[in-house]
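Please read the structure below before turning to the comments.
The values are calculated or read from the model by the stated rules, or taken from the named source; none is laboratory data. Predicted, not measured: the structure shown is a model, and the values here were computed from it. As a convention, Cβ positions derive from the backbone with ideal geometry for all residues, glycine included, and neighbour counts pool all protein chains shown.
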Amino acid sequence: MSGYDASALSGPSDRENSSAGRLRPEVFQVEPLDGFIVNVYFDDGRVKAYDAKPLIGRGGIFAALGDAEFFRERCVALNHTLAWDMTVDLDSTACIDVCPDLIYETCEDAGGA
């Protein structure tokens, strides 16, 4: 389970993931935590801590994520990235997702990772 937002960051990372032959690692698991933080697990072993508070602060469709229960229950890995399933049916066209390159390149490593 995971999602993808091409508008968040243009172009793939220039890093080569030689073990999989892809341009970048893929998200395979997410773990929502308190404080609107999500640990995002990549298939190269890295774990990044994504802080969703700035996204929630944008309001509009993102405001729904400000409900802690909604945030935790709808947080999924969809289309190889972090996403929130807005319809509870894992419809990749009805989710809020975050560009995996943005997460990988800009987020801090999760504690202990």
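Taking the condition of being over 9 Å from the mean Cα position of the chain (by Cα) and closer than 13 Å to Ile61 by Cα, how many residues in the stretch 97-113 meet it?
Going through the stretch 97-113 one residue at a time, the tally reaches 0.
Does Val30 qualify as being without any contact (Cβ under 8 Å) to a residue 60 or more places away in the chain and assigned to a strand (DSSP E or B)?
yes
Just give me the residues in the stretch 65-113 being surrounded by 14 or more Cβ atoms within 10 Å (Cβ to Cβ), more than 16 Å from Val40 (Cβ to Cβ) and at pLDDT 95 or above, in sequence order.
Gly66
Could you check, for the stretch 4-21, whether at least one of its residues is under 10 Å from the mean Cα position of the chain (by Cα), in a loop (DSSP other than H, G, I, E, B), of a type outside the set (Phe, Trp, Tyr) and modelled with pLDDT under 95?
Yes; the residues of the stretch 4-21 include at least one that is under 10 Å from the mean Cα position of the chain (by Cα), in a loop (DSSP other than H, G, I, E, B), of a type outside the set (Phe, Trp, Tyr) and modelled with pLDDT under 95.
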